[in-house]
C-alpha cells in the first residue's frame, strides 16, 4: 500500500494514506507511529505504522467517527442525524431539553446535574455528552475537571433568571416563571438539584 509524505502548514511531516492525513505520534528506532490528523477534533483512533523510510507496515484502529460512508469524505460527527432525530423523535427531543435545562441550574449544581443525566440517559447520547463535556463542563480527570472551552459561569443563566435580568428585548422577567414550570416537566430529577 502506498503512502504519500507531505508537510502540514507548520512544516511538520504529514503522511497521506488512502486519502486520510496522519501526523507523527511517536518515533522509535525501528518505526514511526502516525495518528490521524483529526485525533483531537473528533477523538479519532485511526493510526498506522511505517518504517523509518515511510514504508507502510500496518493500520491500527479506524476512522469511523469522522468518515461519511456514502462518499468517503470527512464529515462532522456532531451532525450524525441529531437534527432530524430531534425533529422526529419526541423522546429524543425531550431528553435534549433535559440537557438544555442544565443552563438554568445554579452554577455549583451544573456538574451534579450533568452527571445525573449521563447516568440516566443511554449510550446513544454519549456523543452529545462528550461534546458538552469538552466545551461546556470540562472533562473529568480524577477528582477534578479540565477547564472547559466555555466555562459554566460564562453560559449559565440561573442568576440572570432569578434576578429578572434581560438578555435582549425579547427576554423579559417572566422567563424565570417559565423556567420554574419547564424544568419539572422536562427534567424532573434535575428539579431536586435546582431547589
Next on the checklist: Every residue in region 13-46 that is exposed (fewer than 15 other Cβ atoms within 10 Å of the Cβ), assigned to a loop (DSSP other than H, G, I, E, B) and at pLDDT 85 or above, please.
Outcome noted: 28, 29, 30
Checklist entry - Has region 154-164 got any residue that is within 25 Å of residue 40 (Cβ to Cβ) and modelled with pLDDT of 55 or more? => result yes
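Can you spot a residue in region 165-175 that is surrounded by 15 or more Cβ atoms within 10 Å (Cβ to Cβ), at pLDDT below 85, over 11 Å from the mean Cα position of the chain (by Cα) and under 17 Å from residue 102 (Cα atoms)?
Yes, there is a match, as at least one residue in region 165-175 is surrounded by 15 or more Cβ atoms within 10 Å (Cβ to Cβ), at pLDDT below 85, over 11 Å from the mean Cα position of the chain (by Cα) and under 17 Å from residue 102 (Cα atoms).
The values are calculated or read from the model by the stated rules, or taken from the named source; none is laboratory data. Please read these numbers as outputs of a predicted model, since none were measured by experiment. Ideal geometry is used to build each Cβ from the backbone, glycine not excepted, and the neighbour counts take in all protein chains shown.
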